[in-house]
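Chemist: I'd like to ask some things about the structure below.
The values are calculated or read from the model by the stated rules, or taken from the named source; none is laboratory data. Predicted model, so just to flag it, every value in this text is computed and none were measured. Cβ placement follows ideal geometry from the backbone for every residue including glycine, while neighbour counts extend to all protein chains displayed.
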Amino acid sequence: MFGIVGYGAYVPRYRIRISEIAAQWGRESEGETQGRGLTNGTGLVEKTVPGMDEDAITIAVEAARQALARAGIDPRRVGALYVGSESHPYAVKPSGTVVAEALGIGPNVHVADFEFACKAGTEAMFCALSHVKAGEMEFALAIGADTSQGAPADPLEYTASAGGAAFVFGRGERVMCEVLHTHTVTSDTPDFWRREGRKYPSHAGRYTGNPAYFKHVVGCAEAILEKSGAAAPDFDHVVFHMPNEKFPIVAAKRLGFSTAQLEAGFLVREIGNTYSGSSPMGLAAVLDRAKAGDRILLVSYGSGSGSDGFVLRATDALEGARGRAPSLRSQLEGHRIHLSYAEYAKFRGKYDVCG
Amino acid sequence: MRDVYVIGAGITPFGELWNMSLRDLFVAAAKDAMKDAAVGRLDGMYVGSMSPGLFVGQEHLSSLLADYLGAVPVPCVRVESACASGGGAFRSAFFEVASGASEVVLAGGVEKMTDFADVTGALATASDQEYEGYHGVTFPGLYAMMARAHMRAYGTARDEIAAVAVKNHENALLNAGAHLRVRISVEQVMSSPPVADPLRLLDCAPVSDGACALVLASEAYAKQSKRPLVRVAGIGAATDTIALHARSDLASLEAVARAAAKAYAASSRRPKDVQVAEVHDCFTIAEIMAIEALGFVGRGRGGPASKGGETSREGPIPVNTSGGLKAKGHPVGATGAAQIFEIVTQLRGEAGKRQIRGARVGLAQNMGGSGGSATVHILELV
Amino acid sequence: MPAPRYAREIPQRYRFEATRCQNCRKVAFPPRQVCSACQGEAFEPVVLSDEGALVTWTVIHVAPKGFAMQTPYVVGIVELPEGVRVTAQIVDVDPSELDFGTRVRRVLRKLGEENESGILHYGYKFVIAR
């Protein structure tokens with residue numbers, strides 16, 4: 001049996017309400033007031049903002065600490081560490097080496113950084129799992145973490161947020177969530193990208209929908225369902241990449257999943273799109289609640305484009321190990337600090353102090 | 001060891017001296033000190049300066065200042081102990097004369113701080129760079145943490161701390177060379193812009209240029225002087241941990257207490273014998289902690305004593321008649337020498353309107369960083 | 001801070017690695033060659049606890065170079081159960097939430113950078129242990 005022997009997720013304490021961003025650009029009239037606040041076409045109420053001293057590395061470390069705590073293993077037994085992000089702090093120098101040293105992993109460890117827009121986290125998971133399956137090593141750690149940026153006044157500014165999740169893969173009795181099948185689809189679809197040296201990404205508007213997100217998510221999901229011989233109703237939980245509220249709901253509908261199946265991992269309204277952290281964090285939220293035997297489908301999406309699919313099943317070991325670290329829900333409902341747009345812009349480096 | 005006397009003293013004004021370079025400042029003070037000494041001989045020089053490298057990109061002051069004073073080939077060394085550099089230079093000169101190795105030695109200090117360097121960053125190098133400075137703590141920040149600890153331990157009040165600045169500004173009005181000559185109130189101190197909570201702008205010594213020099217001599221040369229004779233009665237020095245967090249008590253200055261104990265013992269004096277003192281008020285709270293460490297007031301009483309006027313010119317122990325670092329100014333390396341200059345001036349009876357009548361025993365306390373090093377010098381009128 | 005100087009401190013900055021004097025048991029952080037209590041020179045490794053208590057603090061309004069964007073920020077002295085105290089920022093907090101003895105927990109954060117093209121500096125900070 002191969003799969004997840006430890007998991008963790010982390011969100012920063014800071015938030016900005018979507019209504020605060022909308023007001024900045026004179027778009028208060030968009031959307032309707034709903035419950036906790038104004039939402040707009042994205043369906044979000046608020047999104048997470050990283051502290052000025054947080055980045056993909058620090059978020060990866062926090063999530064991975066939890067994963068190692070749940071796994072209950074000596075960090076030196078980890079044979080590979082992969083960090084997927086599209087906001088790696090360095091252009092050249094791996095995030096993974098800082099993360100490894102911070103966690104006490106190594107020196108006998110393979111480290112690599114992954115980049116594939118929002119699916120860099122699940123890429124890391126795929127590779128970590130494969131090493132363990134191949135018998136190369138006992139344990140491998142995969143992390144998806146991001147502090148993504150949206151250009152001022154661009155729709156992405158409403159959704160681009162910060163967070164991360166980490167998974168330790170291993171085998172045998174320790175496995176709390178078995179990976180039964182994997183499948184990946186890839187094509188060269190230029191829906192969203194960022195050139196070297198540019199501060200903010202660019203995107204192709206409505207092209208990011210059907211030809212990009214839906215083609216790959218739905219295509220990958222259909223292929224893995226066939227591979228596993230399962231049908232949509234067989235699953236207790238499903239997690240899709242969540243760039244906004246609407247896309248994963250539409251994907252679920254097209255594939256025959258209900259919104260109830262989406263519910264446990266559906267974090268986007270509260271945290272925004274955490275990019276490489278998005279579907280991994282959804283999975284972590286599911287694992288915080290799943291019962292032994294629950295079947296889980298995870299399909300990520302990364303622009304450029306591709307999707308990684310996983311069919312998973314929770315085991316008996318999950319319940320006992322889960323309490324070793326705080327749940328994602330406890331972090332989401334815990335201490336939060338709401339920022340004004342001016343503070344948000346300062347935090348995100350949209351302006352700079354001279355000297 | 002034989003007796004050592006201060007036979008000459010010179011000082012520049014302190015302030016933003018845009019037209020004077022580092023070498024200009026030191027030479028001005030040193031040549032005035034030599035003129036005052038009128039001794040026609042110089043065997044050695046010690047110059048205190050905290051960070052000429054960071055402030056003006058200049059090291060090797062030993063050669064530079066001996067050269068520009070016209071003193072080549074006299075031996076010279078720069079002494080550094082952060083803000084206690086001046087006191088350290090004086091202490092080194094003292095030993096050179098006391099040991100019999102030299103007859104006449106110049107000890108001074110200089111700092112040129114206004115040529116637009118990163119002053120906060122340069123001053124922060126007096127802290128533990130890896131374990132304090134790296135974390136973004138500043139000097140005001142370290143003293144602010146000490147202030148908070150002192151307020152907690154002893155109930156010291158914010159207005160008691162502010163009273164120190166008010167008193168020192170009053171004194172500086174009578175010191176023509178002081179940097180800040182303006183009366184301030186407790187309310188003004190407490191409402192000035194925050195620097196590091198609970199300390200505000202007017203709790204902090206200013207950034208100043210300046211230099212000061214003293215001539216130390218053996219008895220043989222002192223006897224030739226026509227000036228009132230001032231003897232170095234006792235000296236003491238001590239270190240403490242560099243990092244504030246490693247101190248045994250955050251609300252006291254152990255190094256100052258130890259240095260003072262040595263100076264009192266060497267001079268056979270007790271705190272109540274001291275009639276005038278210059279203490280190291282880099283921040284208001286530092287004066288409160290210093291007067292406790294020096295034994296002028298009981299532990300924890302520094303606040304009420306300051307507010308109650310015990311350290312004013314009329315009080316039982318006048319402290320910082322020059323205006324202190326707060327109002328006289330704090331060109332870092334020069335401060336230790338300038339404190340001794342004020343004591344010498346008081347003992348000679350030349351302090352004009354700020355003269356403490358009948359002062360015969362004076363004390364100068366100089367301190368580095370957040371209290372990691374300290375010197376105490378006790379001087380007496382012969 | 002240039003790369004070699006930064007890298008030497010990684011065990012302390014990232015993992016809170018300290019040493020204990022084998023003679024008098026005093027814990028030193030950072031590790032040192034001579035014990036400050038007994039001048040002993042034999043030490044064994046020890047890792048400091050992640051949680052401690054706030055001893056004193058301040059809010060920095062005037063910052064040194066490289067920290068200006070973060071003002072105002074809290075710096076405090078935290079005491080750890082091993083008897084060691086450290087100076088560090090306390091983050092994600094309103095200063096009004098702090099008191100003597102507040103329990104705080106260590107986190108890894110970015111402390112700054114050498115300059116625009118230099119290395120990034122990571123190290124320990126503290127958050128309130130909620």
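Chemist: For the range C:23-130, which fully contained strands (runs of 3 or more DSSP E) count at least 2 residues that are of a type outside the set (S, T, N, Q) and more than 22 Å from A:A102 (Cβ to Cβ)?
Modeler: Values: elements: C:43-47, C:51-60, C:73-79, C:85-90, C:103-113, C:120-128.
Per the criteria, C:43-47, C:51-60, C:73-79.
Chemist: Continuing with the same structure: Could you check the range B:133-178 and list, in sequence order, the residues that are under 26 Å from C:P72 (Cα atoms) and among the aromatic types (F, W, Y)?
Modeler: B:Y134, B:F139, B:Y143
Chemist: Shifting gears a bit: Which residues, taken from the range C:1-56, are hydroxyl-bearing (S, T, Y), more than 14 Å from chain A (Cβ to nearest Cβ) and within 13 Å of the chain's Cα centre (by Cα)?
Modeler: Taking the range C:1-56 and keeping what is hydroxyl-bearing (S, T, Y), we get C:6, C:14, C:19, C:36, C:49, C:56.
With the extra rule that they be more than 14 Å from chain A (Cβ to nearest Cβ), the set shrinks to C:19, C:36, C:49, C:56.
Of everything in the range C:1-56, just one residue is hydroxyl-bearing (S, T, Y), more than 14 Å from chain A (Cβ to nearest Cβ) and within 13 Å of the chain's Cα centre (by Cα), namely C:S49.
Chemist: Return the residue satisfying two criteria in turn: it lies in the range A:21-39 and is crowded, with 20+ Cβ neighbours inside 10 Å and not small (G, A, S), and of such residues it is modelled with the lowest pLDDT.
Modeler: Taking the range A:21-39 as the starting set, the residues that turn out to be crowded, with 20+ Cβ neighbours inside 10 Å are A:21-22, A:38-39.
Right, trim to not small (G, A, S) and you get A:21, A:38-39.
Details: A:I21: 90, A:L38: 45, A:T39: 48.
Once the filter is applied, the top-ranked residue is A:L38.
Chemist: Sort out for me the helices (runs of 4 or more DSSP H) sitting completely within the range B:109-172 that have 3 or more residues that are surrounded by 24 or more Cβ atoms within 10 Å (Cβ to Cβ).
Modeler: Values: elements: B:119-124, B:139-154, B:158-172.
Counting at least 3 such residues, we get B:139-154, B:158-172.
Chemist: In the range A:141-171, which residue that is over 18 Å from the mean Cα position of the chain (by Cα) and modelled with pLDDT of 95 or more is farthest from A:A345 (Cα to Cα)?
Modeler: Within the range A:141-171, the first condition is being over 18 Å from the mean Cα position of the chain (by Cα), and the residues that meet it are A:151-155, A:170-171.
Still in the list and also modelled with pLDDT of 95 or more: A:170-171.
Working: A:G170: 41, A:R171: 45 Å.
Restricting to residues being over 18 Å from the mean Cα position of the chain (by Cα) and modelled with pLDDT of 95 or more, the top hit is A:R171.
Chemist: I'd like the residue in the range C:82-106 that is more than 9 Å from chain B (Cβ to nearest Cβ) and touching an Asp or Glu at 6+ places or on another chain (Cβ under 8 Å) and, out of all such residues, is surrounded by the most Cβ atoms within 10 Å (Cβ to Cβ). Break it down stepwise before answering.
Modeler: Of all residues in the range C:82-106, those more than 9 Å from chain B (Cβ to nearest Cβ) come to C:82-83, C:90-94, C:96-99, C:101-106.
Within this subset, residues satisfying the condition of being touching an Asp or Glu at 6+ places or on another chain (Cβ under 8 Å) are C:91, C:103-106.
Numbers: C:V91: 20, C:R103: 13, C:V104: 25, C:R105: 14, C:R106: 20.
Of everything passing the filter in the range C:82-106, C:V104 is surrounded by the most Cβ atoms within 10 Å (Cβ to Cβ).
Chemist: Among all residue pairs at least 6 apart or on different chains, which show Cβ distances below 7 Å where the first residue, located in the range B:91-113, is within 16 Å of B:L379 (Cα to Cα) and the second is in a loop (DSSP other than H, G, I, E, B) and of a type in the set (A, V, I, L, M)?
Modeler: Here the result reads B:F94/B:V4; B:V97/B:V4; B:A98/B:M1; B:A98/B:V4, each pair linking the range B:91-113 to a residue that is in a loop (DSSP other than H, G, I, E, B) and of a type in the set (A, V, I, L, M).
Chemist: If you scan the range B:236-267, which residues turn out to be more than 14 Å from chain C (Cβ to nearest Cβ) and out of contact with any Gly (no Cβ under 9 Å at 6 or more places or on another chain)?
Modeler: Once the filter is applied, which keeps residues that are more than 14 Å from chain C (Cβ to nearest Cβ) and out of contact with any Gly (no Cβ under 9 Å at 6 or more places or on another chain), the range B:236-267 yields B:G236, B:A238.
Chemist: For residues in the range A:195-211 being surrounded by fewer than 17 Cβ atoms within 10 Å (Cβ to Cβ) and assigned to a loop (DSSP other than H, G, I, E, B), which is modelled with the highest pLDDT?
Modeler: A:R195
Chemist: Let me ask something else. Name the residues in the range A:56-87 that are within 25 Å of A:K199 (Cβ to Cβ) and not in a helix (DSSP H, G or I), would you?
Modeler: A:V83, A:G84, A:S85, A:E86, A:S87
Chemist: Let me ask something additional. Scan the range A:325-345 for residues that are outside any helix (DSSP H, G or I), touching an Asp or Glu at 6+ places or on another chain (Cβ under 9 Å) and more than 11 Å from chain C (Cβ to nearest Cβ) and report the count. Lay out the reasoning, then the answer.
Modeler: Filtering the range A:325-345 for residues outside any helix (DSSP H, G or I) gives A:325-327, A:334-340.
Checking which are touching an Asp or Glu at 6+ places or on another chain (Cβ under 9 Å) leaves us with A:327, A:335-340.
Subset that is more than 11 Å from chain C (Cβ to nearest Cβ): A:327, A:338-340.
Within the range A:325-345, residues that are outside any helix (DSSP H, G or I), touching an Asp or Glu at 6+ places or on another chain (Cβ under 9 Å) and more than 11 Å from chain C (Cβ to nearest Cβ) number 4.
Chemist: Let me ask you something else. Which of the residues spanning the range B:181-224 are part of a loop (DSSP other than H, G, I, E, B), within 14 Å of chain C (Cβ to nearest Cβ) and not aliphatic (A, V, I, L, M)?
Modeler: B:S192, B:P193, B:P198, B:P206
Chemist: Do we find that A:G121 is away from every other protein chain (no Cβ under 14 Å) and either among the aromatic types (F, W, Y) or buried (at least 23 other Cβ atoms within 10 Å of the Cβ) (or both) in this structure? Let's see the steps before the verdict.
Modeler: Values: away from every other protein chain (no Cβ under 14 Å): yes; either among the aromatic types (F, W, Y) or buried (at least 23 other Cβ atoms within 10 Å of the Cβ) (or both): yes.
Yes: the conditions hold for A:G121.
Let's see how each residue does on (1) at pLDDT 95 or above; (2) under 26 Å from B:R2 (Cα atoms); (3) part of a loop (DSSP other than H, G, I, E, B):
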site	(1), (2), (3)
B:Q58	yes, no, yes
B:G70	yes, no, yes
B:V74	yes, yes, yes
B:G87	yes, yes, no
B:F94	yes, yes, no
